[in-house]
Amino acid sequence: MRAAPKLIAAKDKEIGRLSQIYINMLNNSGVEIINGHAALVDPHTVEVAGRTYTAEKILIATGSWPEVPNIPGIEHVISSNEALDLEALPRRIVIVGGGYIAVEFAGIFNGFGSDVVEIIRREQVLRGFDEDLRVYLGEEMRGRGIDIRSNTQVARIDKTAGGYRVTTTAGGKIETDCVMYATGRKPNTKRLGLAEIGVEMKENGAIVVDEWQRSAVKNIYAIGDVTDRINLTPVAIAEGRAIAETLYNDNPIRMDHADVPSAVFSNPPIGTVGLSEDEARGQYREVDIYQTCFRPMKNTLSGRAERTFLKLVVDAGTDRVVGCHMLGPDAPEIVQGLAIAIKSGATKKMFDQTVGIHPSAAEEFVTMREKTVRPKLAAE
């Protein structure tokens with residue numbers, strides 16, 4: 001099947017438009033753009049295409065790059081870089097990975113009509129997210145026809161006459177037209193000359209920085225995915241602004257990495273801010289949980305089975321809401337607003353005193369009154 005050419009063309013047009021906007025912003029601000037691969041010669045000197053440039057301060061913002069394992073047949077796979085440039089829509093696709101990118105593309109290809117198999121090493125998708133979110137998302141994805149193979153790893157990939165064959169370490173075989181790997185991204189720091197001039201780096205190539213974004217070489221700063229902390233575009237932007245304000249506007253700002261909201265544009269989408277239940281139980285003596293799972297009115301009226309899930313995590317000692325999680329339509333939009341409340345230290349009592357907007361899914365966040373009772377472990 002041919003991929004939707006109008007969608008690909010629209011995507012390329014929008015990327016080009018946005019890119020030109022940023023170029024214009026730089027040009028209008030008097031920024032000189034130098035194209036080419038850069039490498040540091042010393043803490044104040046950068047070489048590009050045989051020419052050297054010196055500066056008092058240097059900022060590294062080279063992002064990250066998809067990483068794939070070294071297994072037989074890995075040359076046959078694509079990554080998220082190529083996924084939206086496919087000339088034809090694969091009838092069958094295997095997606096390896098259970099993070100943001102994997103579940104988002106699983107939803108995209110499933111929505112276009114492809115048969116999707118998602119292979120994950122663990123029991124649930126989205127490691128690091130609240131456990132209930134992970135479980136409910138997996139159920140909803142399966143309900144939409146995505147075949148999630150849990151506790152599974154790939155041993156090899158072979159080219160066949162009709163496509164590709166994915167063989168798992170347990171000996172299972174999956175025939176497919178395309179294999180996409182989304183098993184993580186690595187800081188893009190190769191060939192920059194950073195270690196040679198004394199910049200401290202982690203084993204995966206991430207630049208180690210302090211609370212002011214400074215590396216071990218004090219005039220060299222780094223932001224975004226290249227530091228491998230919270231790998232989100234708005235975080236990188238906020239970190240960059242903090243550096244600019246601190247160095248050049250006499251307004252010292254340290255980026256606060258606590259309670260950063262995020263979204264996963266899976267199907268259905270997720271919005272989340274603050275601590276997961278497990279994280280909260282590791283930090284506080286007693287934690288209260290409020291949660292609900294229901295079919296929104298539009299689904300009950302239409303007869304659809306999709307559900308919405310909401311959860312609040314509360315520090316029982318202070319009544320402060322320390323985590324807010326949602327799975328369902330408009331979850332990112334709703335949680336963006338609630339992130340202000342979480343960042344401001346809102347209590348569960350404040351949530352209870354807030355009048356809900358009816359009928360809406362969001363009103364459930366201010367009408368949950370009954371605590372969720374968890375079964376106690378034998379050791380407790």
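The values are calculated or read from the model by the stated rules, or taken from the named source; none is laboratory data. On a predicted model such as this, the values are computed, not experimentally measured, just so you know. Note: ideal-geometry Cβ built from the backbone for every residue, glycine included; neighbour counts use all protein chains shown. To get the accessible areas, we keep the full protein, side chains included, count just its heavy atoms, and leave off ligands, DNA and RNA. Shrake-Rupley method; radii C 1.70, N 1.55, O 1.52, S 1.80 Å.
Key figures for this structure:
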{"read-out": "Number of the exception - G323 against (1) small (G, A, S); (2) at pLDDT 95 or above; (3) not in a strand (DSSP E or B)", "value": "(3)"}
{"read-out": "Of residues in region 69-86 being assigned to a loop (DSSP other than H, G, I, E, B) and among the β-branched types (V, I, T), the one farthest from I34 (Cα to Cα)", "value": "I71"}
{"read-out": "Matching residues in region 54-98 - criterion: being open to solvent by less than 60 Å² (accessible area, probe 1.4 Å) and under 20 Å from E196 (Cβ atoms)", "value": "A55, I58, I60, T62"}
{"read-out": "Residues (open to solvent by 40 Å² or more (accessible area, probe 1.4 Å) and in a helix (DSSP H, G or I)) located in region 114-144", "value": "E131, V135, Y136, E139, R142, G143"}
{"read-out": "First in region 354-380 and at pLDDT below 95, second anywhere and open to solvent by 100 Å² or more (accessible area, probe 1.4 Å) and not in a loop (DSSP other than H, G, I, E, B), Cβ under 8 Å, 6 or more apart", "value": "P359/M297"}
{"read-out": "Number of the exception - A331 against (1) at pLDDT 95 or above; (2) under 15 Å from M368 (Cα atoms)", "value": "(2)"}
{"read-out": "Residue identified as touching a residue at least 12 places away in the same chain (Cβ under 8 Å) and under 23 Å from V226 (Cα atoms) among A55, A102", "value": "A102"}
{"read-out": "V217 surrounded by fewer than 23 Cβ atoms within 10 Å (Cβ to Cβ) and either among the charged types (D, E, K, R) or without any contact (Cβ under 8 Å) to a residue 24 or more places away in the chain (or both)", "value": "no"}
{"read-out": "Strands (runs of 3 or more DSSP E) contained in region 228-315 and holding at least 3 residues over 23 Å from the mean Cα position of the chain (by Cα)", "value": "287-294"}
{"read-out": "Verdict on K6 being surrounded by 12 or more Cβ atoms within 10 Å (Cβ to Cβ), charged (D, E, K, R) and either over 19 Å from F265 (Cβ atoms) or without any contact (Cβ under 8 Å) to a residue 24 or more places away in the chain (or both)", "value": "no"}
{"read-out": "Some residue of region 140-159 being in contact with a Phe, Trp or Tyr (Cβ under 8 Å, 6 or more places away or on another chain) and either under 21 Å from S64 (Cα atoms) or in contact (Cβ under 8 Å) with a residue 60 or more places away in the chain (or both)", "value": "yes"}
{"read-out": "Conditions (1) surrounded by fewer than 15 Cβ atoms within 10 Å (Cβ to Cβ); (2) assigned to a helix (DSSP H, G or I); number of the one not met by I101", "value": "(1)"}
{"read-out": "Qualifying residue in region 338-347 (condition: out of contact with any helix residue (DSSP H, G or I) (no Cβ under 9 Å at 6 or more places or on another chain), free of Cβ contacts under 8 Å to residues at least 24 places away in the same chain and under 25 Å from V135 (Cβ atoms))", "value": "no"}
{"read-out": "Residue match in region 47-68 (condition: within 30 Å of G143 (Cβ to Cβ) and in a loop (DSSP other than H, G, I, E, B))", "value": "yes"}
{"read-out": "Of all residues in region 149-198 being open to solvent by less than 90 Å² (accessible area, probe 1.4 Å) and at positive phi, the one that is modelled with the lowest pLDDT", "value": "G184"}
{"read-out": "Test: residue in region 28-38 that is modelled with pLDDT of 95 or more and in a helix (DSSP H, G or I)", "value": "yes"}
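So that you can scan it fast, the table gives a plain yes or no per residue for (1) under 23 Å from E140 (Cα atoms); (2) surrounded by 13 or more Cβ atoms within 10 Å (Cβ to Cβ); (3) among the hydrophobic types (A, V, I, L, M, F, W, C); (4) touching a strand residue (DSSP E or B) at 6+ places or on another chain (Cβ under 9 Å):
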| position | (1), (2), (3), (4) |
| --- | --- |
| R295 | yes, yes, no, yes |
| L301 | yes, no, yes, no |
| T308 | yes, yes, no, yes |
| T318 | no, no, no, yes |
| M326 | yes, yes, yes, yes |
| A331 | yes, yes, yes, yes |
| K348 | no, yes, no, yes |
| V355 | no, no, yes, no |
| F365 | yes, yes, yes, yes |
